[in-house]
Amino acid sequence: MKVRGVAQLDGLPPLREVIARHGLSARKALGQNFLLDLNLTARIARAAGDLSRADVLEVGPGPGGLTRALLAEGARRVLAVEKDARCLPALAEIAAHYPGRLEVVEGDALEIDVAAQLAPPVKVVANLPYNVGTELLVRWLSPPAWPPFWESMTLMFQREVAERIVAAPGGKAYGRLAVLAQWRARARIVMDLPPEAFTPPPKVRSAVVHLVARAEPLAPADPVVLGRVVAAAFNQRRKMLRAALRGLAPGIKEHLEAAGIAPTQRAEEVSVAGFCALARSLAAGEG
Ligand code: SAM
């Protein structure tokens, strides 16, 4: 069956034409690798689930390929944060085409917090600029209180970063990012994209990760203590934990044993639940 593209569905001009008309040559410093295939952006929008009852936060709409797909797929409302002012006229055309459903905020997503402008349930969907993607993900996973403002996030990353988010214990990809992400969310890779999917093509493959916020973190733990334990453990990931964590607290061997972790194990062998148990033992010791 031939799938009709969003280009036909939404009646807006092809993205190449939009880019040419508004002079949106891609800028490397802004991490601009555009998705021009509206069938691809529709697939990403669909991977986010039912948008019809959700406010969507999109970071970096650029010329609007993903924005258009989110709206065509029925998003109740899209709030898009874009740093590059050159993109605003192109995005204004999309907003005019979908009255009252698209709002664009010009600014740096690392500096402005738009969470308060969104009504729940909120889905974050973005083809993130690679230079800020991981930092934004870590912030969205580390709000002052849980649950966070978002119920799911569907985000593009370099394939290597996507693998670090979903990694299971036992491999090189498993580290701080996996523990943080999986402690607070269910995460899986839902799409794999080759460099040629983008204009201009980046050097590496990309992947879309879908994260669903857990109502409660996977196991109880104080986020600060857990963060400290995981950072120390993976900073010296080749060492046995009794050595890597020596500076963390007196009697670390006993804390490891209380958490059901052999002191001779290495960080990458410990499950998320194991790190939480260790954080609880250390917090009890401190308290
Ligand atoms: N969503 C578009 C697409 O899929 O074709 C563009 C994606 S491109 C990888 C990343 C976008 O993020 C660019 O439009 C860039 O200008 C924007 N951007 C880069 N840094 C940003 C920041 N700190 N805050 C907001 N937007 C940013």
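Residues that are touching an Asp or Glu at 6+ places or on another chain (Cβ under 8 Å) and part of a loop (DSSP other than H, G, I, E, B) within the range 111-125 comprise Leu118, Ala119, Pro120, Pro121, listed in sequence order. For the range 252-283, the candidate set comprises residues that are open to solvent by 30 Å² or more (accessible area, probe 1.4 Å) and either hydroxyl-bearing (Ser, Thr, Tyr) or modelled with pLDDT under 95 (or both); within that set, the residue that is farthest from Pro217 (Cα to Cα) is Thr264.
In the range 203-226, the qualifying residues are those that are of a type in the set (Gly, Ala, Ser) and open to solvent by less than 70 Å² (accessible area, probe 1.4 Å), and the one that is nearest to Ile165 (Cα to Cα) is Ala207. Of all residues being modelled with pLDDT of 95 or more and out of contact with any strand residue (DSSP E or B) (no Cβ under 7 Å at 6 or more places or on another chain) in the range 117-136, which is most open to solvent (accessible area, probe 1.4 Å)? Just the residue, please. Applying the filter and picking the extreme gives Pro120.
Pairing each residue of the range 203-230 that is closer than 16 Å to Ala181 by Cβ and in contact (Cβ under 8 Å) with a residue 60 or more places away in the chain with any residue that is of a type in the set (S, T, N, Q) and open to solvent by 30 Å² or more (accessible area, probe 1.4 Å), provided the two are 6+ apart or on different chains, yields C-beta distances under 7 Å for Pro223/Ser142. Comparison of Asp50, Asp108 shows that the only residue that is open to solvent by 10 Å² or more (accessible area, probe 1.4 Å), among the acidic types (Asp, Glu), within 11 Å of the ligand (Cβ to nearest atom) and in a loop (DSSP other than H, G, I, E, B) is Asp108. Would you be able to say whether some residue in the range 167-190 is within 16 Å of Leu57 (Cα to Cα), buried (at least 19 other Cβ atoms within 10 Å of the Cβ) and of a type outside the set (Lys, Arg)? No, the range 167-190 has no match at all. Residues of the range 75-108 that are without any contact (Cβ under 8 Å) to a residue 24 or more places away in the chain and not hydrophobic (A, V, I, L, M, F, W, C): Pro99, Gly100. Residues in the range 26-47 that are under 21 Å from Arg86 (Cβ atoms) and either open to solvent by 40 Å² or more (accessible area, probe 1.4 Å) or away from the ligand (no atom under 14 Å from the Cβ) (or both): Ala26, Arg27, Lys28, Ala29, Leu30.
Count, please, the residues in the range 69-101 that happen to be assigned to a helix (DSSP H, G or I) and open to solvent by 10 Å² or more (accessible area, probe 1.4 Å). Residues meeting the conditions: 10.
Evaluate the following for Gly11: is it surrounded by fewer than 17 Cβ atoms within 10 Å (Cβ to Cβ), touching a residue at least 24 places away in the same chain (Cβ under 8 Å) and of a type in the set (Gly, Ala, Ser)? Judged against the criteria, Gly11 is a match. Of all the numbered requirements in (1) within 9 Å of the ligand (Cβ to nearest atom); (2) touching a Phe, Trp or Tyr at 6+ places or on another chain (Cβ under 7 Å), Lys123 misses one, and that requirement is (1). Regarding Leu66, is this residue within 15 Å of the chain's Cα centre (by Cα) and either surrounded by 20 or more Cβ atoms within 10 Å (Cβ to Cβ) or within 11 Å of the ligand (Cβ to nearest atom) (or both)? Answer is no for this residue.
Among the residues examined, Val229 does not qualify as closer than 26 Å to Ala48 by Cβ and either modelled with pLDDT of 95 or more or surrounded by fewer than 17 Cβ atoms within 10 Å (Cβ to Cβ) (or both).
The values are calculated or read from the model by the stated rules, or taken from the named source; none is laboratory data. Remember, predicted model here, so these are calculated numbers, not experimental data. Positions of Cβ are generated from backbone atoms using ideal geometry, with glycine treated the same way; all protein chains shown enter the neighbour counts. The accessibility values were calculated without ligands, DNA or RNA, using every heavy atom of the protein model including side chains. Shrake-Rupley method; radii C 1.70, N 1.55, O 1.52, S 1.80 Å.
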